[in-house]
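Beneath this line is the structure, given in structure tokens, with notes to follow.
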Amino acid sequence: MLNRRKFIQQTGIIVAGSTMAFSSPAFIFKPKKVIILGAGLSGLTAAYQLKQSGLDVVVLEARNRIGGRVFTHTIDESSKMTVELGAEWVGESHPKIIGYCKEFGLKLNNHQFDTGLILNHQYSPPNTWEHNKTWENKYQQLLTDFKEYNKKQLKDLDKINWWQFLRKMGVSEEDLEILELAHSTDYGESIRFVSAYSALAEYAYSSPKNEMDFKIEGGNSELVKAFTQRIGLENIKIGHLVSSVSQQGRTVTVTCQNGTKWEADKVICTLPVQALHQIDFQPAFSSKKIEALDSLIYARIIKTSILFRERFWKNEGLDILTDGVGQYYFHTTKNQAGTKGCLTSYAIGDKAYVISKMNEQQKINTLCEVLEPAFGKVASLAEKAVSYYWGEDQYSKGAYAIYTLNQSFDTKEMIAKPFKNIYFAGEHIAEWQGFMEGAIETGELAAAMISK
Ligand SMILES: Cc1cc2nc3c(=O)[nH]c(=O)nc-3n(C[C@H](O)[C@H](O)[C@H](O)COP(=O)(O)OP(=O)(O)OC[C@H]3O[C@@H](n4cnc5c(N)ncnc54)[C@H](O)[C@@H]3O)c2cc1C
């Protein structure tokens, strides 16, 4: 079967990796020293690969922790139960992250769910509801046909939003409501912002459970720890917020807010776009690059994990899509021993913003109320709620990038384009954009570009 990477190469679409190969500086010299901005999965992958090639690497990270948007939290100290405040699932079609887990001896547990539905205060348990069969067949055909589309057809799909496209495909009002809830959860904002090309490029190549397949035993931060051990903690400088980057001749000088200065021949910048806006680049980026950076938006997502005294939902593999403010709930402590358990609400867009304004008890009450049609009144079984609103995260101001209309081609290419001795990486310019796989894929590509 044609995989996503081959599809992108075959159609001549230029994204992060190929762009770097195509428009990198005319003379590439093997650098002695490389500075990597950001210790998320992209920066860690690049650092690990460059260390393997024998280069001198330092990673500068603003936060006081390593991992960026991979953020495992121990919600219950006594049972060591963990939840993910950032990335949750490792996808079946994500060979790079699966490969690193194998290489570092990390176990992947099944993290798949069967979806129940709460609509109009009525609960339909998993396997008791389905989309209209005629529509389902049409949709599957569309996913197959998409793989054969030429570049013009693909670019045309980038001009229409996914919601409008689905409507034009003739999906029923009832199915459209469910699809809008489900697919908006994937993108972190309404699918009315997402281009049909973006949606199809993801869904046509996704696993049957839409890349919601595994989780790393002990939490996804175990992968972060494994990279850190191999890179060496002494080479990752936390609490180092980069404030300026200047390039003169073959030297790049990076200055941090804490007054430290770092010099190297090359820089790999893995920072989310909102973080880039805070940095003084000298010389400045071209006006086209600035325009592209200014146009990219990030999704607002809040994850709220509620720790309950008992697993009243009984089914270990349960998730529920709702039309309530909590949007999508799943049993995040599946495969973790104990009588206690956590349900996580994954809310997006305006719903995420509304939840972010609530205190802990309000979150528990409001999010449990949405579940009443399925379980009755359960708020009294809650011990605590922990949540993280990415829309206000100081460094990313969002969970992940969203490519809206007419952005998947030229805008992405412009953002990914190297700038003298600075190379770019990060989920926002990846083929598997919005995923840990994408962060890893671009980290590897940037490292390969400068170490060859
Ligand atoms: C709520 C949520 C759910 C998600 N769910 C999934 C999922 O289920 N599966 C999946 O595969 N992916 C998921 N993702 C996406 C995944 O987390 C990201 O794609 C990936 O972790 C991004 O890695 P990165 O290295 O590109 O960026 P980051 O992890 O953001 O790393 C960039 C780093 O740069 C640092 N930084 C920023 N500014 C500066 C500065 N000025 N100086 C120095 N350092 C700076 C940041 O602190 C950060 O550590 C999710 C993300 C979120 C937020």
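The values are calculated or read from the model by the stated rules, or taken from the named source; none is laboratory data. Nothing here was measured: the structure is a model prediction, and the numbers come from that model. Virtual Cβ from ideal backbone geometry, glycine too; neighbours counted across all protein chains shown. Note: accessible area is taken over every heavy atom of the protein model, side chains too, but ligands, DNA and RNA are not part of it. Shrake-Rupley method; radii C 1.70, N 1.55, O 1.52, S 1.80 Å.
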When every residue in the range 132-157 that is closer than 26 Å to GLU92 by Cα, in a loop (DSSP other than H, G, I, E, B) and in contact (Cβ under 8 Å) with a residue 12 or more places away in the chain is compared, the one least open to solvent (accessible area, probe 1.4 Å) is LYS147
Look at THR185 and say whether it is in a helix (DSSP H, G or I), of a type in the set (Ser, Thr, Tyr) and either closer than 18 Å to TYR328 by Cβ or more than 27 Å from the chain's Cα centre (by Cα) (or both). yes
How many residues does the range 90-112 contain that are open to solvent by less than 60 Å² (accessible area, probe 1.4 Å) and either assigned to a strand (DSSP E or B) or within 12 Å of the ligand (Cβ to nearest atom) (or both)? 9
Those residues that are open to solvent by 40 Å² or more (accessible area, probe 1.4 Å) and either hydrophobic (A, V, I, L, M, F, W, C) or within 12 Å of the ligand (Cβ to nearest atom) (or both), I need them from the range 113-131; list them, please. TRP129
Listed residues TYR346, TYR395, TYR388, TYR328; which is closer than 30 Å to GLN274 by Cβ and not in a strand (DSSP E or B)? TYR395
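Yes or no, residue by residue, for (1) surrounded by 17 or more Cβ atoms within 10 Å (Cβ to Cβ); (2) within 11 Å of the ligand (Cβ to nearest atom); (3) within 26 Å of the chain's Cα centre (by Cα); (4) within 19 Å of GLY68 (Cα to Cα):
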site	(1), (2), (3), (4)
VAL242	yes, yes, yes, yes
GLN248	no, no, no, no
VAL267	yes, no, yes, yes
LEU276	yes, yes, yes, yes
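Evaluate the range 401-423: report whether one residue or more is under 29 Å from GLN282 (Cα atoms), near the ligand (Cβ under 10 Å from one of its atoms) and open to solvent by less than 20 Å² (accessible area, probe 1.4 Å).
To start, the set of residues in the range 401-423 that are under 29 Å from GLN282 (Cα atoms) comprises 401-403, 407-423.
Cutting the leftovers down to near the ligand (Cβ under 10 Å from one of its atoms) gives us 401.
Subset that is open to solvent by less than 20 Å² (accessible area, probe 1.4 Å): 401.
Checked against the condition, which is being under 29 Å from GLN282 (Cα atoms), near the ligand (Cβ under 10 Å from one of its atoms) and open to solvent by less than 20 Å² (accessible area, probe 1.4 Å), the range 401-423 yields at least one hit.
Being in a strand (DSSP E or B) and not hydroxyl-bearing (Ser, Thr, Tyr) is the filter here, so list the residues in the range 47-87 that pass it.
So the first thing to find is which residues in the range 47-87 are in a strand (DSSP E or B), and the list is 56-60, 72-76, 81-84.
Listed by number, the residues that qualify are ASP56, VAL57, VAL58, VAL59, LEU60, HIS73, ILE75, ASP76, MET81, VAL83, GLU84.
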What strands (runs of 3 or more DSSP E) lie completely within the range 243-324 and have 2 or more residues being over 30 Å from GLY341 (Cα atoms) and hydroxyl-bearing (Ser, Thr, Tyr)? 251-256
